[in-house]
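Note sheet for the following structure.
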Amino acid sequence: MTDDDLKAIQPIIENCGGLIDDAILLVKAERYPRAFALNVLALEELGKAIQVRWKQLGVTITRQKRSAHIQKQMAVACLLIAEKVLPFYRRFFAGEVSQPVMMVELATAFINSDERRFFERVAAIELDRSKQVGFYHDDVTIATHSRDEIDADFTLQLSQTLAKAMPLLKSEIAIQVAGIFYEIMPQMADQILADRNAY
């Protein structure tokens, strides 16, 4: 990443970090739904940084009928998936495994992964709906989780996802592969969600 590339995303990263810091303060105050909501906003800022990185690297993406919030969440999910699959492809291209073996190993790893579960949460619009619960108390919001279900562990899980994804902004190959997944994963979302409880 060049200095100019970094300069372009630095304000976004700083805002993301500030949202995470604020969420930590709310966790300490045991205000978990609002802390979770701030973590989702931080996640969306990270997604915005990924979108800027795609432009910097010349990666073309389409909107695919997603809201801006879901587009950003999906960008992070695809970056995490890219990082998950890259070691399998590296082994294949190095001649260490055949393509059929690599595909079986990859499928098995993906099915049982945190990355898959995170993708499912994004695709099912769970994070966005839980964010709404964190900010609003009304009968209009379609809640995926109740306020009582958004506890310290629930919030920490998203914090860990953010911590895992942030350093990946520096990996040009992961960013480029994420752009590919961003285009193809929505086509598989219905099947992945249909099999959600099978694994």
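The values are calculated or read from the model by the stated rules, or taken from the named source; none is laboratory data. Keep in mind that this is a model prediction, so the values were computed, not measured. We place every Cβ from the backbone using ideal geometry, glycine too, and count neighbours over all the protein chains shown. Only protein heavy atoms, including side chains, enter the accessible area calculation; ligands, DNA and RNA are left aside. Shrake-Rupley method; radii C 1.70, N 1.55, O 1.52, S 1.80 Å.
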Q | Single match in GLU45, GLU83 (criterion: of a type in the set (Asp, Glu), under 14 Å from GLY179 (Cβ atoms) and either outside any helix (DSSP H, G or I) or in contact (Cβ under 8 Å) with a residue 12 or more places away in the chain (or both)) | A | GLU83
Q: Determine whether ARG34 is in a helix (DSSP H, G or I), of a type outside the set (A, V, I, L, M) and open to solvent by 60 Å² or more (accessible area, probe 1.4 Å).
A: yes
Q.
Under 7 Å between Cβ atoms, which residue pairs at least 6 apart in sequence (or on different chains) link something in the range 24-41 that is within 19 Å of THR161 (Cβ to Cβ) and in contact (Cβ under 8 Å) with a residue 60 or more places away in the chain with a partner that is open to solvent by 50 Å² or more (accessible area, probe 1.4 Å) and outside any helix (DSSP H, G or I)?
A. TYR32/ASP151
Q: Just one of (1) surrounded by 13 or more Cβ atoms within 10 Å (Cβ to Cβ); (2) assigned to a helix (DSSP H, G or I); (3) modelled with pLDDT of 90 or more trips up ARG90, so point out which.
A: (1)
**Q.** Selected residue [surrounded by 18 or more Cβ atoms within 10 Å (Cβ to Cβ) and more than 19 Å from the chain's Cα centre (by Cα)] from VAL97, VAL27, VAL85, VAL40
**A.** VAL27
Q | Residue satisfying condition, being in contact (Cβ under 8 Å) with a residue 60 or more places away in the chain, within 18 Å of the chain's Cα centre (by Cα), over 26 Å from ALA107 (Cα atoms) and surrounded by fewer than 20 Cβ atoms within 10 Å (Cβ to Cβ), within set ILE13, ILE20 | A | ILE13
Q | Residue tally, condition assigned to a helix (DSSP H, G or I) and either of a type in the set (A, V, I, L, M, F, W, C) or farther than 23 Å from ASP153 by Cβ (or both), over the range 48-80 | A | 22
Q. Restricting to helices (runs of 4 or more DSSP H) lying wholly in the range 101-190: which have 3 or more residues that are open to solvent by less than 20 Å² (accessible area, probe 1.4 Å), at pLDDT below 85 and in contact with a Gly (Cβ under 8 Å, 6 or more places away or on another chain)?
A. none
